[in-house]
1. Tell me, Phe42, Phe110 in order of fewest to most beta-carbon neighbours within 10 Å?
2. For the chain, with equal point scatterers placed on the C-alpha atoms only and solvent neglected, what are the log10 I(q)/I(0) values from the Debye formula at q = 0.16 1/Å, to two decimals?
3. Which value, in debye to the nearest 20, gives the size of the charge dipole of the chain about its Cα centre, when Lys and Arg are +1 and Asp and Glu are -1 at the Cβ?
4. Hey, any idea what the orientation-averaged projected area of the convex hull of region 1-81's Cα atoms comes to, in nm²?
5. Loop only per DSSP, at most 13 neighbouring Cβ atoms within 10 Å: give me the GluC sites (Glu not before Pro) in region 38-108, ordered by residue number.
6. Relative contact order, percent, of the chain when contacts are C-alpha pairs under 8 Å separated by at least 6 residues?
7. Of all the Cα-Cα pairs you can form in region 96-140, what percent are over 12 Å apart?
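Every number here is computed from the coordinates shown, using simple stated rules; none is lab data. It should be emphasised that the depicted structure is a prediction, and the values quoted were computed from it without experimental measurement. Cβ coordinates were reconstructed from backbone atoms using ideal geometry, including for glycine residues, and neighbour counts include every protein chain displayed.
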Amino acid sequence: MTQQTDPVATAKAIVESYLERSMVPDPEGAAAYVSDGFKLVFTGGRVFAGPAESAAFNAKRYDWVKKKFLRTDAALDEATGEVHVYNTGYLYGAWKDGTTFETNRYLDKFVVRHGKIVSTDVWNDSAEIILHKAGLAEAEL
């Protein structure tokens with residue numbers, strides 16, 4: 001009897017390893033988990049071609065930032081063989097002014113195909129928090 005690889009468990013492990021490398025930050029290490037033609041779309045519709053570009057963007061916004069994983073869920077699309085992985089939790093770290101934070105919600109959606117991440121969509125509360133700090137929020141957080 002041969003043991004079958006669970007594509008959902010494998011994709012979840014790939015995503016969590018990618019996120020761990022991204023948080024170091026180690027964009028070169030994170031890049032090992034992405035496919036050619038990888039596309040990363042950040043909150044606000046900013047499009048990046050790889051982990052180095054998103055790390056450079058984060059360096060402008062944060063003094064440092066990490067993710068506290070709450071859940072990683074995944075579903076296999078049997079028609080395409082792709083696995084859709086969702087990782088959610090809280091960002092924590094420090095803004096460029098040194099102010100710390102720990103309850104900045106995030107949700108990242110990944111598509112994994114043939115053992116590589118082909119796309120990522122990233123949502124978080126950072127823009128709302130920045131608007132609030134600048135006195136431009138439409139409502140209290």
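1. Phe42, Phe110
2. -0.84
3. In total the dipole reaches around 220 debye.
4. The directionally averaged projection comes out at 7.3 nm².
5. Sparse-neighbourhood loop GluC sites (Glu not before Pro): Glu78.
6. Reported relative contact order: 22 percent.
7. Result for the distance tail: 71 percent.
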